[in-house]
Amino acid sequence: MVSQHLPEPPASNPRARAGMPVLDRARLSFATFAGRTARLGSRLVGRGSGQSIQGAILTRLAPRAFEQLLAGRTIVAVTGTNGKTTTTHFVASAVREALGEDAARLVTNADGANLHRGIASALSEAPKADLAVLEVDERVVADLVRVGKPKILVMLNFSRDQLDRNHEIKGLARAWRNALEEAGEDGPLVIANAEEPLVAWAAETARETVWVNPGSVWNDDAVLCPGCDTVLDRENPEVDDSGTVTFAGTWRCPGCGRHQQDSTIVVRGETVRDADGSELDFQLNVPGRFNVGNAAVALATVRELGVDTQTALVGMRKVQAPAGRFGLNEIHGVKCRLMLSKNPAGWAESLPLGVSDPLVLAIDSVLADGRDVSWLWDVEFESLRGRKVIATGRNTFDLAVRLDYAGVECQTIKDLGTAIETAGSMLEDPDATLDVIATYTPFQVLRRMGGAK
C-alpha cells in the first residue's frame, strides 16, 4: 500500500534543487568517490565496515559535505539518549512500506553512525534520495536544525550517558531549545516525549509540538524542573508487588507550574491507547516494553508524513534486529542474543529481558562507551541476586565490585570469547539461547565475532 500524502518525488536530484554551484558539486562528487574507495579498502583488509574512514575522508575533502548533502531533502531526524537507533529503524521501515516501489527515494543511516561524518557518509551513498530518516547524536541536533532544516525532529529522552563527554544533560537540552528558538517558524515540527521534563523544556520554543507518552519507567534523571530547579512532584506512580516501578507517574512543578502535557498516544506497559481512546496492537518483532514506546513515537512521526496507521504497523513489524540489537549470533558455537545497554536507563530496561541461565554482562570504558563507569552504581543489579552471572570485558572488575555490593555472585572472565564459551558450557540445554547485555564496544566486538560485517 502506498500513502498518497508523502511528499511528491522531486523533478531533479537534491543537489541541483539546492542550487549547489557546479564546482562544489564536482568537489563533493570527488570526495564521495574517495570516501567509497577508502571504505571498500577497509573492508577488504578486514578493518571493519569502513564507515568511519569513509566519513572522515569525505568531510576532509569536502568540508561542507554535511550541509551540502542535507540540502534539498525532506528530513526526519530522531535523537535522544536511548532508543534512537530502534526508533529510526521503525520510522524508516514504516516510510519504506508506504513508498512501496518508490523505496529508493528513502535514505537512512541504519548502522547508527549518527555524528556529522556518519550522517554525511550515509547521505553520500544515496545522492538522489529525497527523503532522509536520520538518527542524530544529541550533540549534532543544533547543527542539523540550523543547516539541515528538518521537517520533523523526534526528541526521545535525556539520560546521563558518556559522562566524560556530555557532562550535564541540561546543556544538551539548552542547545536544542536555543536552536529551535532561532529557527522560529522555519523550524521543524517536534515529536516530543511528554514524560521527559528536559525534553518538554527544550520543546517549549518549537513552532509546533506533538506529544507522545511512551510509558518509560526511568525518571532518576528528571528530578528537578529544568525551568526553575524546583523538585518535581510525581502524581499517581504505580509499583507492582515486587516493588518494581511500572509507571513513573505524571510530573508537575510546584514552583513554576510546568507540567506534563496530554499526549496523542499513551503507552502503559504494553497497552497503547490512541488519541480516540482505541487500543493499538503493535505485534512488534523486537522485545521489551521500551520498544513499544519507541514504536508509539515512530507511529506519531510517520502519521505527520501522511503514512496511515495500518501501513505503518506493517512496516514496523518488519524490524527485527535494528543495528544488531536483540539479534541472534552464533559465537564460538553458542547461540547468543545480544542486547546493547549504555547507561542506567538502558540497563533498567534490558536486565528484565536477560532471562538465560547464566547471564553474561560485558562492560568496557573506551571512548565509544564513555570512560567514566560510575554510572554502574545507579543500575539496580540487585534484581540479579541468586542468578548465575558472568562478568566480562575490559572493565570486568569494576562490574564485579558493583555486583558484590548488590549481593550478586559472579564469575569474572575478562576475555569476551572465553566468557561466551564458559557460559555456553553452563547452559542446561546446549541449544538454548544465551543472553548477553553489553555496552557499545563489547557489543560491536561480539557482533563481529558472530560474523557481522
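Would you check if there is a residue in region 193-206 being closer than 19 Å to residue 257 by Cα, in a strand (DSSP E or B) and open to solvent by less than 50 Å² (accessible area, probe 1.4 Å)?
There is at least one residue in region 193-206 that is closer than 19 Å to residue 257 by Cα, in a strand (DSSP E or B) and open to solvent by less than 50 Å² (accessible area, probe 1.4 Å).
Can you find even one residue in region 269-281 that is open to solvent by 50 Å² or more (accessible area, probe 1.4 Å) and in contact with a Ser or Thr (Cβ under 6 Å, 6 or more places away or on another chain)?
Scanning region 269-281 turns up at least one residue that is open to solvent by 50 Å² or more (accessible area, probe 1.4 Å) and in contact with a Ser or Thr (Cβ under 6 Å, 6 or more places away or on another chain).
Considering only residues that are open to solvent by less than 10 Å² (accessible area, probe 1.4 Å) and under 13 Å from the mean Cα position of the chain (by Cα), which ones fall in region 108-126?
Passing the criteria: only 109.
May I ask you to say which residue of 330, 238 is touching a residue at least 40 places away in the same chain (Cβ under 8 Å) and open to solvent by 30 Å² or more (accessible area, probe 1.4 Å)? Reasoning before the result, please.
Details: 238 fails: touching a residue at least 40 places away in the same chain (Cβ under 8 Å).
Going through 330, 238 in turn, the sole match is 330.
Give me a count of the residues in region 371-393 that are free of Cβ contacts under 8 Å to residues at least 24 places away in the same chain and charged (D, E, K, R).
1
Can you work out which of the residues in region 127-147 that are at pLDDT below 95 and either among the β-branched types (Val, Ile, Thr) or over 18 Å from the mean Cα position of the chain (by Cα) (or both) is most open to solvent (accessible area, probe 1.4 Å)?
128
Scan region 150-171 and report the pairs whose first residue is under 18 Å from residue 135 (Cβ atoms) and open to solvent by 20 Å² or more (accessible area, probe 1.4 Å) and whose second residue is assigned to a strand (DSSP E or B) and at pLDDT 90 or above, with Cβ atoms within less than 7 Å and a gap of 6+ or a chain change.
Partner pairs satisfying both residue conditions: 151/74; 151/75; 151/76; 151/189; 157/193.
Across region 209-243, what is the number of residues that are among the β-branched types (Val, Ile, Thr) and within 18 Å of residue 270 (Cα to Cα)?
The total comes to 3.
Table: residues versus (1) part of a strand (DSSP E or B); (2) touching a residue at least 60 places away in the same chain (Cβ under 8 Å); (3) more than 30 Å from residue 352 (Cβ to Cβ).
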{"site": "143", "(1), (2), (3)": "no, yes, yes"}
{"site": "147", "(1), (2), (3)": "no, yes, yes"}
{"site": "178", "(1), (2), (3)": "no, no, yes"}
{"site": "212", "(1), (2), (3)": "yes, yes, no"}
{"site": "216", "(1), (2), (3)": "no, yes, no"}
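For residue 82, are the conditions met, namely being assigned to a loop (DSSP other than H, G, I, E, B), free of Cβ contacts under 8 Å to residues at least 40 places away in the same chain and farther than 24 Å from residue 311 by Cα?
So residue 82 does not fit the description; no.
When region 312-327 is examined, which residues are found to be open to solvent by 10 Å² or more (accessible area, probe 1.4 Å), at pLDDT 95 or above and in a helix (DSSP H, G or I)?
Residue satisfying the conditions is 314 alone.
Answer yes or no as to whether residue 247 is open to solvent by 40 Å² or more (accessible area, probe 1.4 Å), touching an Asp or Glu at 6+ places or on another chain (Cβ under 6 Å) and within 27 Å of residue 176 (Cβ to Cβ).
It is false that residue 247 is open to solvent by 40 Å² or more (accessible area, probe 1.4 Å), touching an Asp or Glu at 6+ places or on another chain (Cβ under 6 Å) and within 27 Å of residue 176 (Cβ to Cβ).
Mind listing just one residue for me: the one in region 254-271 that is in contact with a strand residue (DSSP E or B) (Cβ under 9 Å, 6 or more places away or on another chain) and free of Cβ contacts under 8 Å to residues at least 40 places away in the same chain and, of those, nearest to residue 196 (Cα to Cα)?
Among them, the one singled out is 259.
Going through 348, 423, 368, 362 one at a time, which residue ends up being in contact with a Leu (Cβ under 9 Å, 6 or more places away or on another chain), closer than 27 Å to residue 216 by Cα and not aromatic (Phe, Trp, Tyr)?
Every option except 362 fails the conditions.
What residue, of 267, 286, is among the β-branched types (Val, Ile, Thr), in contact with a Pro (Cβ under 8 Å, 6 or more places away or on another chain) and in a loop (DSSP other than H, G, I, E, B)?
286
Which residues, counting only those in region 85-101, are under 18 Å from residue 138 (Cβ atoms) and surrounded by fewer than 24 Cβ atoms within 10 Å (Cβ to Cβ)?
If the condition is that a residue be under 18 Å from residue 138 (Cβ atoms) and surrounded by fewer than 24 Cβ atoms within 10 Å (Cβ to Cβ), then 85 is the only one that fits.
Tell me the residue from 114, 82 that is polar (S, T, N, Q), in contact with an Asp or Glu (Cβ under 7 Å, 6 or more places away or on another chain) and either closer than 30 Å to residue 439 by Cβ or at pLDDT below 95 (or both), please.
Exactly one of 114, 82 is polar (S, T, N, Q), in contact with an Asp or Glu (Cβ under 7 Å, 6 or more places away or on another chain) and either closer than 30 Å to residue 439 by Cβ or at pLDDT below 95 (or both), namely 114.
Got a number for residues in region 257-266 being among the hydrophobic types (A, V, I, L, M, F, W, C) and either open to solvent by 30 Å² or more (accessible area, probe 1.4 Å) or farther than 22 Å from residue 208 by Cα (or both)?
The number of residues fulfilling the criteria is 1.
Can you report the number of residues in region 351-363 which are under 21 Å from residue 83 (Cβ atoms) and in contact with a helix residue (DSSP H, G or I) (Cβ under 9 Å, 6 or more places away or on another chain)?
6
The values are calculated or read from the model by the stated rules, or taken from the named source; none is laboratory data. Note that the structure is a prediction, hence the values are computed from the model and not measured. Note that each Cβ is placed from the backbone with ideal geometry, even for glycine, and that neighbours are counted across all protein chains shown. Note: areas computed on protein heavy atoms with side chains; ligands, DNA, RNA excluded. Shrake-Rupley method; radii C 1.70, N 1.55, O 1.52, S 1.80 Å.
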